[in-house]
Amino acid sequence: MPEKVTAPKILAMKAADKKIVCLTAYDAYFGRIADRSGVDLLLVGDSLGNVVLGHDTTVPVTMDDMIHHVRATRRGVERALLVADLPFGSYNESPAQAVKNSVALMQAGAEAVKMEGDYTDEIRAIVKAGIPVMGHVGMTPQSVNNFGGFKVQGKGEASAKVIAAAKSIAAAGAFAIVLELIPADLSKQITHDISIPTIGIGAGVHCDGQVQVLHDILGLADETFRHASRYVDGQNLFLQGMERYAADVRESRFPKPENSF
Ligand code: KIV
């Protein structure tokens with residue numbers, strides 16, 4: 001059994017100049033497959049709102065949704081660090097609210113939490129409660145209604161705000177930070193300027209690691225995104241399997257004698 005990945009080990013990978021491989025997972029089976037692939041960190045992302053629950057954004061995702069999927073994923077994952085997203089509205093009222101909901105995710109099986117935005121008092125309180133925190137800046141999907149769509153952030157003068165947020169999140173005690181949909185030059189500068197690992201999604205190659213939504217790299221969605229690459233044409237692969245099964249049932253080729261008792 002390969003060595004368990006912990007938050008301090010993820011942090012140490014930056015100094016050791018080792019790229020950090022991260023993926024999302026939302027259930028036990030895919031969590032197990034992703035864990036066996038040797039990824040370092042698995043995120044039960046609130047992107048489950050899009051790719052599992054069929055919403056257009058992550059805004060409708062609740063703590064109950066997250067807890068349900070963290071419990072399921074926990075059952076499949078042994079080696080990778082399991083991180084859970086704090087969903088929309090679950091941490092921005094007060095540090096006490098942020099700690100309470102982080103504790104609930106940890107008790108469901110997470111080993112760290114992730115939160116979007118520059119909530120440094122909340123990050124400090126969660127870390128003080130014994131819970132490793134990942135930050136997330138740039139295009140933070142829970143704020144899609146403020147941004148007016150899923151758009152690249154931090155261009156031109158707006159870069160200063162993203163740099164300041166990343167620095168304050170690192171200073172507040174986060175062990176890593178996601179940089180989403182920002183120019184590659186900006187993520188290169190942030191990666192140079194802060195001591196914690198940067199994990200990019202649509203943020204170029206200079207980050208200390210990369211994270212992708214599992215369904216995007218497996219080609220399960222109808223849409224394709226510039227920030228993602230399809231490593232398998234999963235939709236056609238599964239479709240063909242289901243079509244073959246349906247044809248076999250209709251032609252009485254399934255079940256075979258070896259499937260029968
Ligand atoms: O919810 C999610 O999956 C995420 C990653 C894309 C970083 O936040």
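The values are calculated or read from the model by the stated rules, or taken from the named source; none is laboratory data. Being a predicted model, the structure only gives us computed values, none of them experimental. Methodologically, a virtual Cβ is constructed for each residue, glycine included, from the backbone with ideal geometry; neighbour enumeration extends over all protein chains shown. In case anyone asks, the SASA skips ligands and DNA or RNA and just uses the protein heavy atoms, side chains included. Shrake-Rupley method; radii C 1.70, N 1.55, O 1.52, S 1.80 Å.
Structure notes:
- The calculated FRET efficiency for the pair R253 and D222, based on their C-beta separation and a Förster distance of 45 Å, comes to about 0.90.
- Remark: the stretch 133-234 projects, on average over all directions, an area of 6.7 nm² (convex hull of Cα atoms).
- Cα-based equivalent ellipsoid of the chain: semi-axis lengths in Å, sorted from largest, via gyration tensor: 34, 21, 18
- To put it simply, the accessible area of the stretch 126-221 at a 1.4 Å probe is 56 percent carbon and sulfur.
- Here the chain is assigned +1 on the Cβ of each Lys and Arg and -1 on the Cβ of each Asp and Glu. Its dipole about the Cα centre then comes out at about 560 debye.
- Stretch gain in nm, segment S195-D64, where the contour uses 0.36 nm per residue and the Cα spacing is subtracted: 43.8 nm
- Folded to 0 to 90 degrees: helix 95-107 orientation relative to the chain principal axis, Cα: 30 degrees
- Neighbourhood charge, 12 Å Cβ-Cβ cut-off, centred on S187 and excluding it, Lys, Arg +1 and Asp, Glu -1: -3
- Both radii are taken from the alpha-carbon atoms of the stretch 103-145; with Rh as the Kirkwood radius, Rg/Rh is 1.01.
- The Rg/Rh ratio for the stretch 220-261, using Cα coordinates for both the radius of gyration and the Kirkwood hydrodynamic radius, is 1.25.
- The label-point distance for V103 and S229, in a model that sets each label 7 Å from Cα toward Cβ, rounds to 4.4 nm.
- Relative intensity, log₁₀ I(q)/I(0), of the stretch 60-189 from a Debye sum that treats every alpha carbon as a point, q = 0.10, 0.21 Å⁻¹: -0.32, -1.23
- Only Cα pairs under 8 Å and 6+ residues apart enter the sum, and on that basis the relative contact order of the stretch 29-155 stands at 22 percent.
- Pairwise alpha-carbon distances in the stretch 60-109 exceed 16 Å for 37% of all pairs.
- Measure of compaction for the stretch 30-74 (Cα Rg per 2.2 N^0.38 Å): 1.21
- S94/L53 FRET efficiency (R0 22 Å; Cβ-Cβ; nearest 0.05): 0.20
- Computed on the Cα atoms alone, the convex hull of the stretch 184-241 gives a volume of 65 cubic angstrom per residue.
- Aspartates and glutamates whose Cα lies under 12 Å from that of K100, excluding same-chain neighbours fewer than 8 positions away: E122
- Sparse packing (at most 12 other Cβ atoms within 10 Å of the Cβ) combined with a DSSP loop state is found for the following trypsin sites (Lys or Arg not before Pro) in the stretch 205-261: R226, R253.
- Among the GluC sites (Glu not before Pro) within the stretch 179-261, those in coil by DSSP and having at most 13 neighbouring Cβ atoms inside 10 Å are E223, E251.
- Solvent-accessible area per residue in the stretch 132-261 equals 56 Å², computed with a 1.4 angstrom probe and all protein chains kept.
- Other residues lying with their Cβ under 13 Å from the Cβ of E93 contribute a combined charge of -1, Lys and Arg counting +1, Asp and Glu -1.
- Residues of type aspartates and glutamates that K256 reaches as a straight line, Cα spacing below 20 Å, ignoring anything fewer than 8 places off in the same chain: E243, D248
- The value obtained for the stretch 1-92, namely the Cα convex hull volume divided by the number of residues, is 106 Å³ per residue.
- The alpha carbon radius of gyration of the stretch 117-175, expressed as a multiple of 2.2 N^0.38 Å, is 1.21.
- The residues of the stretch 1-90 expose on average 47 square angstrom of accessible surface per residue, using a 1.4 Å probe on protein heavy atoms.
- Each of the peptides 44-52, 9-17 was scored by the mean count of other Cβ atoms within 10 Å over its residues; in descending order, highest first, they stand as 44-52, 9-17.
- Using the Cβ-Cβ distance between F261 and L239 with R0 = 25 Å, the FRET efficiency computed as 1/(1 + (r/R0)^6) comes to roughly 0.25.
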